Every structure is written in structure tokens, then in C-alpha cells.
Ligand code: IPE
Ligand code: IPE
Ligand code: MG
């Protein structure tokens, strides 16, 4: 576990914040295993990191935070683990509605939400509804989310509109694709963080991360704190985002 004792907040430039931070929260199972505990103990402890990162992001002034909480592939995990994750989601939503209201955070969700158990679906939309007028930060939970599924869905929806003469094929451009993605109202991802040392994307926001800065850390998700988030943002602020141009063109 990487311990950060200093307060790194002073090293962050408030004028150069990423507008959209996305996080692949990984390593709960390994964290628990290291402690000789069941995987679900890791998921329970991961919720503390979620709260910490959500509050810190809002405090900093990050406008969009997207958290990968459950992938389409995660349905293939043991039934008991899936059940525990769904239960944790319901209890966290119930508990954290206050955090969202206190911090002016609007909840949003992306993914194939119809496949969620009805209890989760109901709680999710209760909180989305209760926070819909909040405007400091949009917190998006990716639930039963898979980027390929999202793109497939987009292709189908656009095809139907073409068939019904609502869109002409020549008019299809990036903005039309953006409007049909689950992330329709969100800007592109600026900073993508993955914890636990894995260096892969695991079917997360493939279209939206086209020009994101990638940040990988060995820290396991339940150990990830506010200071780890500061560290990722400081690293992001040191990068030169060229978008295909030369360094000279930017200066
Ligand atoms: C991330 O931790 C949480 C979810 C995917 C829901 P993992 O459960 O993947 O933990 P590891 O990767 O097995 O350690
Ligand atoms: C990605 O983590 C999904 C979430 C964090 C929700 P996984 O642990 O499921 O990813 P893989 O299977 O190791 O790529
Ligand atoms: Mg994992």
C-alpha cells in the first residue's frame, strides 16, 4: 500500500482541472484476499473509497466523475458475489443520497440498466430523481455497462432512424453518434484512472476515451484515498495534451 503522508492539494492547479474524470475501480478482491478475507469484504471496503473520491472531486470542482461499478462481463461472476454487489449498491445509494444532496451532486447512470434487479433499478432512479436539479458535479455510475454493447445499441438506434427517414446516412457524424451513446450529455473523458495495477480498459468508454490521459496505479481500490486522487490529477496536469499537433503549435 502506497502511503501518502503529505497533503498534495497545494500542488493542484485549480485552473487546469480535468472536466471529466473516469475511474476503473479495481482490486477489491485482491485487497480482501491479502487480509485473508472473502472477496465481498473488499467490495464493502471499496464503498469508503467511493465516498471519499466523490466528495473530493466535488470539493475540487471537477464537473464530471464517472465510476465503473459493474461491467456487462461482471454478470459472469459467482452468483453470490453478484448478489452481494447488488445489495451493496442499494445500501450505498440509500446511505449516500445525503452526501449527494449536501454536495449539490447530480446522479446519472449509464449501461444496460434494464438488466439490473428491480430493487437496484428503483433505488437508482429514486436518487437520480431526487438529485436531478443539482449542478455542481455530475456523478455517473456505469452499471451493467459495456462499451461494445453501448456502441451496438447506438448503431441499432441510428439504423432505425435511417430506415424511418429521420436521419439521412450522409448526415451521420461524430455528434450524432455522441447523442446516441449512453453518455450523451457528458464531455469526452480527460483523465482515466485504473487502480490495482492492471493495465487494460476492460470494455469501458472506448469511444469516449479516444484522447484521455491514462493513469495506472498499483494501489488497490479500497486503499485509494483523496491523496491518491490528488496525485493522479497532479500527474495529469504535467502532461502535454497535443491532440495530434506539435508541441510548438501549442505554445
Ligand atoms: C473491482 O474489484 C470491483 C468490481 C469489478 C465490481 P474486483 O472485484 O475486480 O477485484 P480483483 O480485481 O478481483 O482484485
Ligand atoms: C472492470 O474490472 C470492471 C469494473 C471495475 C467494474 P474487472 O476486474 O471486472 O476487469 P477484468 O475482468 O480484470 O478485466
Ligand atoms: Mg478486477
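The values are calculated or read from the model by the stated rules, or taken from the named source; none is laboratory data. In this text the structure is predicted, and so the values were computed from the model without any measurement. Positions of Cβ are backbone-derived with ideal geometry, glycine not excepted, and every protein chain shown enters the neighbour counts.
Is it true that some residue in the stretch 178-194 is more than 29 Å from residue 7 (Cα to Cα) and either in a strand (DSSP E or B) or at pLDDT below 95 (or both)? Yes, the stretch 178-194 contains at least one residue that is more than 29 Å from residue 7 (Cα to Cα) and either in a strand (DSSP E or B) or at pLDDT below 95 (or both).
Residues in the stretch 202-232 that are surrounded by fewer than 20 Cβ atoms within 10 Å (Cβ to Cβ), out of contact with any helix residue (DSSP H, G or I) (no Cβ under 8 Å at 6 or more places or on another chain) and within 15 Å of residue 67 (Cβ to Cβ): 209 alone. So for the stretch 96-106 (the condition being surrounded by 15 or more Cβ atoms within 10 Å (Cβ to Cβ), without any contact (Cβ under 8 Å) to a residue 60 or more places away in the chain, assigned to a helix (DSSP H, G or I) and within 16 Å of ligand 2 (Cβ to nearest atom)), does at least one residue qualify? Within the stretch 96-106 (the criterion being surrounded by 15 or more Cβ atoms within 10 Å (Cβ to Cβ), without any contact (Cβ under 8 Å) to a residue 60 or more places away in the chain, assigned to a helix (DSSP H, G or I) and within 16 Å of ligand 2 (Cβ to nearest atom)), the answer is no, since none of the residues qualifies.
For the stretch 1-15, taking the residues that are without any contact (Cβ under 8 Å) to a residue 40 or more places away in the chain and within 22 Å of residue 136 (Cα to Cα), the one that is farthest from the chain's Cα centre (by Cα) is identified as 10. The residues of the stretch 35-62 that are crowded, with 19+ Cβ neighbours inside 10 Å and outside any helix (DSSP H, G or I) amount to a single one, 62. Scanning the stretch 16-58 for residues that are farther than 25 Å from residue 199 by Cβ, free of Cβ contacts under 8 Å to residues at least 24 places away in the same chain and under 22 Å from the mean Cα position of the chain (by Cα) turns up just one, 41.
Tallying residues that are surrounded by 14 or more Cβ atoms within 10 Å (Cβ to Cβ), away from ligand 2 (no atom under 16 Å from the Cβ) and not in a helix (DSSP H, G or I) within the stretch 141-171 yields 1.
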